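A short worksheet on the structure shown next.
The values are calculated or read from the model by the stated rules, or taken from the named source; none is laboratory data. None of these values were measured; they are calculated from a predicted model. Here the Cβ positions follow ideal geometry from the backbone for every residue, glycine too, while neighbour counts run over all protein chains shown.
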Amino acid sequence: MKTKQNQPIRVAFAGCGTIAPLHLIGLLAQSEIVQLVGLADPDLVAAKSLARQSAELSGQSEPDVFTTLDELLATTQPDVVHILTPHHTHVDLACQALQANCHVLLEKPAATRKSDLEVLANAIQQSGRQLGICLQNRYNFASREAHMLLTAKTFGPVLAARSFLTWWRDDQYYLQSPWRGRWATEGGGLLINQAIHTLDLLLWLVDDPVVSVKGHLHTDHLEQVIEVEDTASLLLCFEKGATGVFYATNAYPASSDPFLEIVCERAILRLEGSDRLTVLDRSGNLLEDFPQIAKAGEDAVSEAVDRFIPAGKSYWGKSHALLIADFYQKIRQEQPFAIDLTEGRRALDLLFDLYDANRKRQ
Ligand SMILES: NC(=O)c1ccc[n+]([C@@H]2O[C@H](COP(=O)([O-])OP(=O)(O)OC[C@H]3O[C@@H](n4cnc5c(N)ncnc54)[C@H](O)[C@@H]3O)[C@@H](O)[C@H]2O)c1
């Protein structure tokens, strides 16, 4: 094992764009055990700006910056690489890092093609390193509590599940990063980029193989700007007989909290946003409105995150920091991190099939 107890874990980032500051804050909350040693981005202005931000917030020296991951790996020899780049680069960069003997924390989606998932699986196996996927919504209070109740089979078998995701993405979002909105570089649209989180939660909570899926994908809202879908409706049939209905769109100007409902034999679980979980009886009467209680150790992560958010800036959720804290704890303890490639591809396998079916239909 390369990571030695009592020595900081050496961390590097590939990609210094929109999501990178969230990973930086997650790392700062772990500053006792990790050290950010390098940043790679072909856009050196972005890399230098993040390096400055890191030094200002941590009070330590700036991490070195590079234009390629190759150069970074050869020079800084990190233990862990976070891959925070456009979707189509994920598999190559992750394989490079694994071959250099690094653990990898990979932003979703793991890949843009089914065949690449096998390439990634082989690279993980050959390296003996861990690869974790950033599906941070599994760390939301509501999803975690619902998962515990469902795993304990508290309310009997799942009969049905539904989910609504109504968000807004305008043309500026796509113009800001032109890799978005293209089949070749984003690998899809709403499903692979935004709705993947909610679809993953639905599959994780129902926890039964999908035996059939029918889907309708549309580009209703930004036809002139993007090639990919911005709206999708799916009908899922699960092996033990449950039915799932899923609707998602990026065309709703009043972006709202995702809604997820799991109907079990003896109760209905409703998740609204990241924190609200209610349990109702089968007639719809409220049985329990769960108070939000942090798990042991989470308060410390939350406090550390609060310390590093620049004053006046809003912050959408602490789940990234919780996932990052858990990932490093597992690396430190040489234990497997739960959201590995097998978990990270649950939603991907399904949406690749949907994309294929949609292409054939067209
Ligand atoms: N988990 C979440 O909720 C969440 C939220 C937002 C974004 N993301 C994911 O984060 C990833 C990045 O998204 P973003 O919004 O930050 O994109 P972005 O366009 O803002 O930034 C991407 C950065 O990667 C750099 N880059 C491109 N090729 C590179 C390479 N070969 N090596 C190193 N750097 C490279 C670009 O120059 C850019 O600075 C995507 O996978 C996206 O889906 C996840």
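Summary table below
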item	result
Entirely in segment 227-337, the strands (runs of 3 or more DSSP E) that have 1 or more residues that are within 22 Å of the chain's Cα centre (by Cα) and either more than 26 Å from Ser212 (Cα to Cα) or modelled with pLDDT under 95 (or both)	268-272, 276-280
So Gln125, is it closer than 30 Å to Leu350 by Cβ and free of Cβ contacts under 8 Å to residues at least 24 places away in the same chain	yes
Verdict on Val206 being among the β-branched types (Val, Ile, Thr), away from the ligand (no atom under 13 Å from the Cβ) and under 25 Å from His90 (Cβ atoms)	no
Among residues of segment 4-48, those that are within 10 Å of the ligand (Cβ to nearest atom) and not in a loop (DSSP other than H, G, I, E, B), counted	12
Inter-residue pairs, beta-carbon under 9 Å, first among the β-branched types (Val, Ile, Thr) and in segment 152-179, second within 13 Å of the ligand (Cβ to nearest atom), 6+ apart	Thr166/Pro258
Segment 114-127 - residue that is within 16 Å of the ligand (Cβ to nearest atom) and in contact with a helix residue (DSSP H, G or I) (Cβ under 6 Å, 6 or more places away or on another chain) and, of those, nearest to Arg182 (Cα to Cα)	Asp116
Residues within segment 134-191 that are out of contact with any strand residue (DSSP E or B) (no Cβ under 6 Å at 6 or more places or on another chain), crowded, with 19+ Cβ neighbours inside 10 Å, modelled with pLDDT under 95 and among the hydrophobic types (A, V, I, L, M, F, W, C), tallied	1
Options Val81, Val91, Val104; residue that is crowded, with 21+ Cβ neighbours inside 10 Å, free of Cβ contacts under 8 Å to residues at least 40 places away in the same chain and not in a helix (DSSP H, G or I)	Val104
Options Ala111, Ala100; residue that is within 19 Å of the chain's Cα centre (by Cα) and within 16 Å of the ligand (Cβ to nearest atom)	Ala111
Residue ID - nearest to the ligand (Cβ to nearest atom), chosen from residues in segment 66-78 that are buried (at least 24 other Cβ atoms within 10 Å of the Cβ) and outside any loop (DSSP other than H, G, I, E, B)	Leu69
